[in-house]
1. Please list the non-local residues whose amide H lies under 5 Å from the amide H of VAL214, H modeled 1.01 Å from N, same-chain partners needing a gap of 5 or more.
2. Quick one: of the DSSP bridges fully inside the range 103-354, what percent are antiparallel, nearest 5?
3. Return the lysines within reach of LYS84: Cα separation strictly under 20 angstrom, same-chain partners fewer than 8 residues apart disregarded; answer none if there are no such residues.
4. If each of THR286 and THR78 carries a label point 7 Å out from its Cα toward its Cβ, how far apart are those two points in nm?
5. Check LEU219: other-chain or 5+ apart residues with amide H under 5 Å from its amide H, H built from backbone geometry?
6. Could you give the alpha-carbon Rg of the range 1-77 over 2.2 N^0.38 Å, rounded to two decimals?
7. Please report the antiparallel percentage of DSSP beta bridges with both residues in the range 66-185, rounded to the nearest 5.
8. What distance in nm lies between label points placed 7 Å from Cα along the C-beta direction at ALA13 and GLU70?
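What follows is calculated from the coordinates using simple rules that are stated; it is not laboratory data. It should be emphasised that the depicted structure is a prediction, and the values quoted were computed from it without experimental measurement. Cβ atoms come from the backbone with ideal geometry, glycine included; neighbour counts cover every protein chain shown.
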Amino acid sequence: MPTREEILQALEAVIDPELRKNVVELGMVRDITIREDAVDVKISLTTPGCPLRNHFVVAVRKALRGIGVESGEVSFDTLSPEEKSALQERLGMKSGLPTGGAAGALAGVSNVICVGSGKGGVGKSTLTVNLAAALASEGKSVGVLDADVWGYSIPRMLGLGAERPPVSPERKILPLEAHGLKVMSIGFFVAEDSAVVWRGPMLHKALTQFLEDVAWGELDYLLIDLPPGTGDVSMTLSQLLPQSRFLLVTTPQDTAQKVARRAAEMATKVSLDVLGVVENMSGFTTPAGERFAIFGEGGGQSLASELDVPLLGKVPLTMPLRAQADAGDPLVVVDPDDPASQAIRQTARGLIAATPTPELPPVLAGLPELPVMQNAPTTGASLPMA
Ligand SMILES: Nc1ncnc2c1ncn2[C@@H]1O[C@H](COP(=O)(O)OP(=O)(O)OP(=O)(O)O)[C@@H](O)[C@H]1O
Ligand SMILES: [Mg+2]
């Protein structure tokens, strides 16, 4: 068994996503118990109902595995008011420590994955719906949040039309369901083709509501379809959801280093981890089997190498992928054997492998339901709820 010092050193890899510092530095490692064949770690949280418990369990286990410790319990307590104010002072946070916010509302969601790209039209939305359906066919519970408030396309791609999401007696918006996926989009609230002008605070408020006021419930994955580019939405989401990770979509053409660099800069700018890269529009194979590299070769691999993350898949151009998106049925559901479907299903399996779910230790079983977090103070219009 490693020594206490070695364990502490390993735990420096466990970052509090909200405070953006490691738990050792933050003084949040309350207790380490070294047993014969296991190590138990107790972490002190800032709030009792901290939504990031799951994150800490995963991160502590990973850190311990790195030094050869395969078993043990991760448990939690709460910093005392004195400890909290000392920490707050040390961090120079006058307005108090963060308490979860939007991240809290998604406490039942194991993985939040933002699907983004350096430029538009590379297939983010198409891949989002098909990856979501592929994850669902692997037995995962999946939600899709369309965060492209300007050019939303998720409702159409999932065959959801004029229906408006119902509101529960608790005033939570219930996501619509399609192909076993929970779906939310601004498209459900605005008249088709109407141009909504999103000013900064309004955008922030709408995204906050999508996260906090929607009854997402328990999900293995929430995929968030981002608008193109590196704008406000990505910045806002990364603030609201520090635990989310990026999946970058690129075309083979993006060997142009500047696009790769822009995507890398986006990830750094919003300080979210990049989980991996998917190359889309990776060549076209004719029915006779002849392959054309219409958009060139190598962009996905070059971006993945630049970011030092895995290339999770290469999805070819196929007509059915486009046609089924237009028809509102994900191709992976309609024709799982289409070459694009196969590539997307493989990508989904790569995603699952890259996001292992922890077995929750007994101490987390039977926890009382988390309190509903109050909205962060934001200004702006509310979603036009029924
Ligand atoms: N592999 C593919 N094969 C064939 N058509 C594809 C493929 N990927 C995407 N498309 C088509 O390309 C178009 C753009 O795709 P999509 O809307 O998913 O891109 P996007 O990155 O979400 O765009 P935006 O940046 O505007 O949000 C769509 O018509 C879609 O059906
Ligand atoms: Mg899109």
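1. ILE173
2. Values: 6 of 36 bridges.
Here the antiparallel bridges make up roughly 15 percent for the range 103-354.
3. Cα-Cα hits under 20 Å: LYS21, LYS42, LYS94.
4. Between THR286 and THR78, the label points sit 6.9 nm apart.
5. VAL109, SER110
6. On the way: Rg = 11.4 Å, N = 77, 2.2 N^0.38 = 11.5 Å.
Taking N as the residue count of the range 1-77, the ratio is 0.99.
7. 50 percent
8. Taking the two extended label points, one gets 1.7 nm.
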